[in-house]
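A.B. asks: I have a structure here, written as structure tokens, and I will follow up with some questions on it.
Bear in mind these aren't lab numbers, they're just calculated from the coordinates by the rules spelled out. Keep in mind the model is a prediction, meaning the values are calculated, not measured. Using ideal geometry, Cβ is built from the backbone for each residue, glycine included, and neighbour counts are taken over all protein chains shown.
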Amino acid sequence: MQRKRPGLGKGLDALIPLAESATASHPGSSGVDQIPVTSITPNPRQPRAHFNPEAITELAASIKEHGVIQPLIVTQEPQTGTYTLIAGERRLLAAQEAGLESVPVIVREASDQDRLEIALIENVQRADLSPLETADAYHQLADDFKLAHGEIAERVGKSRVAVTNTLRLLNLPPSVKQALAQGQITEGHARALLALPNTQSQAAALGTIIKKELNVRQTEALVRKLTGEKPATPPKPGRAPEIVALEKRLQFALGTKVTMKHGQKGGTITVHYYSDEELDSLIDKFAGDA
């Protein structure tokens, strides 16, 4: 039985322990080492595919001024003695751009699954991943490590429904994925398109969304129209209490059903009768003969 792993919010110490070598070399310390930048290779499980070059340059300028304040998280490869990055790729890229020869690191033991989970959690906490990058990372956890959607949700601090909905984005056709990645549509647009029955209709609807610059609510209405779903009929407004009270007074006075329709400039009163005798009685009352 697989050991249950702690979830988001317990910190990296709870997720991946310090490597024994780091603990031995720094007894009683925080376990922070300085290692050459050239000894660190990127995380092969890094879910983030794109880094903003301007943001990296800004971080590099800060690093030149203040250094790397937050250590990178790495794991040591026993065969080669080199290090594989787990978390902190932005800092590593910026340190390289800033010309640093070494960076502060914390060495930890980490499995292949740990590398993906920690990189994913770090990016999710900072909202650094695009919807599709997040979906790809969830897919790796589900496909490569056989985690259920609920288990993924526990790892990253999301609801199971949120994880499932994000994974569904991978079912979209390439044109819709590209539009989402390029910011032409939002995740809300993309989720609305998933209600269409096939990729052809999804791609066709995408063209309408972009051409007419539809918002998410308008896109949902378009999808309902294309799927033949009738819009919900708005409920009829309730009748004014004073009109209902007047109807009851008239019904009591006339002894029959009375309906009123009241508008801003007058209205109508309908008096119902159900026999000739009732008609004669009403005429007498209206004529003042009763």
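A.B. asks: Rounded to whole Å and ordered largest first, report the semi-axes of the equivalent ellipsoid of the stretch 172-226 derived from its Cα gyration tensor (root of 5λ).
C.D. replies: Over the Cα atoms of the stretch 172-226, the semi-axes work out to 14, 13, 9 Å.
A.B. asks: Given a cut-off of under 8 Å on Cα pairs at least six residues apart, what relative contact order in percent is computed for the stretch 241-283?
C.D. replies: 27 percent
A.B. asks: Here is a follow-up. Mind jotting down a quarter of the surface of the convex hull over the alpha carbons of the stretch 241-283, in square nanometres, one decimal?
C.D. replies: Computing the convex hull of the Cα atoms and averaging its projections yields 3.2 nm².
A.B. asks: Still on this model: Which entries of Lys236/Lys265; Lys177/Lys225; Lys146/Lys212; Lys236/Lys257; Lys212/Lys261 have Cα-Cα distances beyond 32 Å here?
C.D. replies: Over 32 Å Cα-Cα: Lys146/Lys212; Lys212/Lys261.
A.B. asks: Also, I was wondering about something else. For the stretch 85-220, give the magnitude of the charge dipole about the Cα centre (Cβ charges: +1 Lys/Arg, -1 Asp/Glu; no others), in debye to the nearest 20.
C.D. replies: Dipole magnitude for the stretch 85-220 comes out near 660 debye.
A.B. asks: Just add up the charged neighbours of Glu220: K/R +1, D/E -1, any other residue whose Cβ is under 12 Å from the Cβ of Glu220.
C.D. replies: +3
A.B. asks: So how much slack lies between Val37 and Gln96, counting 0.36 nm per residue of separation and subtracting their Cα-Cα distance, in nm?
C.D. replies: 20.5 nm
A.B. asks: Among the aspartates and glutamates, which fall within straight-line cross-link reach of Lys211, defined as a Cα-Cα distance under 18 Å, with same-chain neighbours fewer than 8 residues apart omitted?
C.D. replies: Within the straight-line cut-off, Lys211 pairs with Glu187, Glu220.
A.B. asks: Quick check on the stretch 157-271: what are the equivalent-ellipsoid semi-axes from the Cα gyration tensor, as sqrt(5λ), descending, whole Å?
C.D. replies: 52, 16, 12
A.B. asks: Beta carbons within 10 angstrom, averaged per residue: use that to sort the peptides 256-269, 65-78, highest first.
C.D. replies: Highest mean packing first, the order is 65-78, 256-269.
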